[in-house]
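A quick write-up on the structure given underneath.
The values are calculated or read from the model by the stated rules, or taken from the named source; none is laboratory data. In this text the structure is predicted, and so the values were computed from the model without any measurement. Methodologically, a virtual Cβ is constructed for each residue, glycine included, from the backbone with ideal geometry; neighbour enumeration extends over all protein chains shown.
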Amino acid sequence: MRIRGRTLFFPCLLFFATTALSAAEEQPETQLTIYRDNLALVREVRTLSLARGTQSYRLAGIPARVDPSSVFFQPLSGPGAWRLVEQRFAFDLADTDRLLAMSKGGRVLVTDKQGQTHSGTLLSALSGDLLLRESDESVKVLKADSVASIQLFSPAEGLVTEPALTWILEAEKSGLHKGSLTYLTEGIGWQADYLAVAGQGETTLTLTGWATVENRSGVSYRDCEIGLVAGEIHRAPGYGPPERRILAEAMAAAPKGASDLQEAPLAEYHLYKLARKADLPDGEKKQLSLCGPAQVKARKTYRYEGQKHASRVETTLEFENREGEGPAIPLPGGRVRVYEKDEAGVLRLLGEDRIEHTPRGERVRITLGAAFDLVGERTVKESSKLTGNTRKETIEIRIRSQKGDSARVVVAESFWGDWELLGKTPPIAKKDARKVEFELTVPAGGESAFEYQVLIR
């Protein structure tokens, strides 16, 4: 094993590692419930080979990022067949510093970079510098940058090369016993990614959803049942494939609504279960079909918020997530990329946005980017203090267009405190206590403007 430019040799390590492992087990039955915030609940059915009486049993294949306090083991061999007395979780894995620290007091053979060997008892290994007592009782200091290799003859017991649970068990009789192991681990998560291909005029979308699952837990899971939970669970404090391939799959002919995942309610959340068993190797991302391709009726709207952006007018696409207009299924929050074919039939990216968890029946809004041919202008023409904390403002909104057709622009304005609009304004919709939206139609190659007055207390 080569670490930090030095080599460690273990003449007796083969016997040591073999005695540290428990008997080989069959592949466990595994169920993964994966949450959005880098968290997974793992349930495994394991078969243990136990002797009668009290014994120690080492269970390997445990991720280093497991929460030991969440580990729960339930015997399935019948009541009283065996019981768990004590549990320890070893996660302080062996590295150069730990191996040397565990070998203090033992015999070592050090080879320096000039090829000379130094044999003795290891007294200290701080910051890579070695302190040896030689056979004549003299003490030698070897600096870290002078050492080429270190040979350890008797590594101390307790060397951990992979995370493992160690149990003290009491069994009524010897034989094979089944049990259900459940634990929470970080390092496994998922996110939703949507691909939308806009039709001509951006009045329709072909929407395809993918669930991207990533495993960085340090453990590979084979032939397991996978469920994905959409929603935000509360936790106590203190504790993608290449885009070109995805696009090809999104555009491929498929039955409407075809999906790898089947949606079902789970308390206040939504659970998406994979209809087949699958592998989830460590260090790998896997994509599963979430929904679609589904035909969606879209509406393009331009949006101007002059209090945030001086002149920027944003392009948005909206659709209703209901029967006849959208997918009509709960949509987990995630990233949406929108594409459109150009005159040559080549797909071009129009923009991308993130959507929140969207229940069935709600509206989805996707912001694509700034409209090149629309420019907004917001001017405070008058601001006067009337009495006390009351003031009156006169605001002018102006939208200029170089587009070849008319454009519907929603102008959003925000206020703080108690406010009241005065005089005549374009059609409005009061969104909440702080926001109002005006609707404006801008002619092709022209300009639209309006003024409004607001009384703010």
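At-a-glance table
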| item | result |
| --- | --- |
| In segment 363-392, residue nearest to Val338 (Cα to Cα) [restricted to those that are of a type in the set (Gly, Ala, Ser) and outside any strand (DSSP E or B)] | Ala371 |
| Residue check, Thr387 over 18 Å from His309 (Cα atoms), modelled with pLDDT under 85 and surrounded by 11 or more Cβ atoms within 10 Å (Cβ to Cβ) | no |
| Residues within segment 190-222 that are more than 21 Å from Pro28 (Cα to Cα) and touching a Ser or Thr at 6+ places or on another chain (Cβ under 9 Å), tallied | 15 |
| Selected residue (criterion: surrounded by the fewest Cβ atoms within 10 Å (Cβ to Cβ)) from residues of segment 275-294 that are touching an Asp or Glu at 6+ places or on another chain (Cβ under 6 Å) and closer than 19 Å to Thr208 by Cα | Lys285 |
| Identity of the residue in segment 102-123, under 30 Å from Ile62 (Cα atoms) and at pLDDT 75 or above, that ends up surrounded by the fewest Cβ atoms within 10 Å (Cβ to Cβ) | Lys104 |
| Check on Glu249, out of contact with any helix residue (DSSP H, G or I) (no Cβ under 6 Å at 6 or more places or on another chain), at pLDDT 90 or above and within 18 Å of Val336 (Cβ to Cβ) | no |
| Within segment 416-457, tally of residues that are surrounded by 12 or more Cβ atoms within 10 Å (Cβ to Cβ) and of a type in the set (Gly, Ala, Ser) | 5 |
| Those residues of segment 412-435 which are within 35 Å of the chain's Cα centre (by Cα) and part of a strand (DSSP E or B), in sequence order | Ala412, Glu413, Ser414, Lys435 |
| Residue in segment 200-246 that is modelled with the highest pLDDT, counting only those that are aromatic (Phe, Trp, Tyr) and within 19 Å of Pro63 (Cα to Cα) | Tyr221 |
| Members of segment 295-337 found to be of a type in the set (A, V, I, L, M) and surrounded by fewer than 18 Cβ atoms within 10 Å (Cβ to Cβ), listed by number | Ala310, Ala328 |
| Some residue of segment 302-314 being more than 30 Å from Ile397 (Cα to Cα) and not charged (D, E, K, R) | no |
| Residue count for segment 181-207, restricted to those that are within 23 Å of Tyr35 (Cβ to Cβ) and among the polar types (S, T, N, Q) | 3 |
| Flag if Arg322 is assigned to a loop (DSSP other than H, G, I, E, B), basic (Lys, Arg) and modelled with pLDDT of 90 or more | yes |
| The listed residue being crowded, with 16+ Cβ neighbours inside 10 Å and either within 29 Å of Asp37 (Cβ to Cβ) or of a type in the set (Gly, Ala, Ser) (or both), out of Ile366, Ile399, Ile395 | Ile366 |
| Members of segment 336-362 found to be within 13 Å of Leu207 (Cβ to Cβ), touching an Asp or Glu at 6+ places or on another chain (Cβ under 8 Å) and either outside any strand (DSSP E or B) or not β-branched (Val, Ile, Thr) (or both), listed by number | Arg337 |
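Yes or no, residue by residue, for (1) β-branched (Val, Ile, Thr); (2) at pLDDT below 85; (3) not in a strand (DSSP E or B):
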site: Val141; (1), (2), (3): yes, no, no
site: Glu157; (1), (2), (3): no, yes, yes
site: Glu162; (1), (2), (3): no, yes, yes
site: Glu170; (1), (2), (3): no, no, no
